[in-house]
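Values in this text are rule-based calculations from the coordinates and carry no lab data. Because the structure is a prediction, the values reported are computed rather than measured. Don't worry about glycine lacking a Cβ; one is built from the backbone with ideal geometry, like all the others, and counts go over all protein chains shown.
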């Protein structure tokens, strides 16, 4: 039995869940999420707990069992608490600004880079070097943060670029091994 898939998901009182065939809609204080699950996986609501079951022990059903439970738990957590990723900009002259809905980045290119987030994602700029990506869909928050980071990933020699807060960058030594030539 799957260790993750067999765990029940506790549902807070203010969350409404609608299960129709293989589509589950979760609605809470932060918003509403809907997802289509595989046909073989059954999802039931028992005593304010969501239970995910699989029809057989086949390899495919075992893989989908834990995945479906994790996706469902993320939906419930997203509509109650929400998710966020924090990015940090390092480099001289590197900065971020919020202009309306879009994010404007000055990160060492000869031009400004404008980034327009997907619907359902909020971007908050703290100071000039912290970007906070906030939303209710964990997958979309992570994807948006990864797209912003991909615009200018951290440099391996000086560490300049956009990185996640807490991400450790291993810096290369550079040209320190150069030997001076004497005659």
Q. Counting other C-beta atoms within 10 Å, which of 112, 103 has the fewest, and how do the rest follow?
A. 112, 103
**Q.** Reported label for calculated Cα Rg over 2.2 N^0.38 Å given (i) 0.94; (ii) 1.05; (iii) 1.40
**A.** (iii)
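Which FRET efficiency value, to the nearest 0.05, do you get for residue 16 and residue 71 by plugging their Cβ-Cβ distance into 1/(1 + (r/R0)^6) with R0 = 25 Å?
The formula returns an efficiency of 0.90 here.
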Q) For the stretch 2-25 and the stretch 52-104, what is the separation of their C-alpha centers, rounded to whole Å? A) 17 Å
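Normalised by the residues of the chain, what does the relative contact order come to in percent, with Cα pairs under 8 Å and at least six apart? All intermediate terms of the calculation are to be shown ahead of the outcome.
Numbers: 330 pairs, mean separation 31.3, N = 183.
That works out to 17 percent.
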Q. What FRET efficiency would be calculated for the residue pair residue 48, residue 156, taking the C-beta separation as r and a Förster radius of 35 Å, to the nearest 0.05?
A. 0.10
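Given R₀ = 25 Å, what would the calculated FRET efficiency be for residue 111 paired with residue 172, taking r from the Cβ atoms and rounding to 0.05?
On the way: r = 28 Å, r/R0 = 1.12.
Efficiency, from the Cβ-Cβ distance: 0.35.
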Q) Ranked by Cβ crowding within 10 angstrom, fewest neighbours first, how are 152, 132, 54 ordered? A) 132, 152, 54
(Q) Using Cβ contacts closer than 10 Å as the measure, can you line up 56, 10 from fewest to most? (A) 56, 10
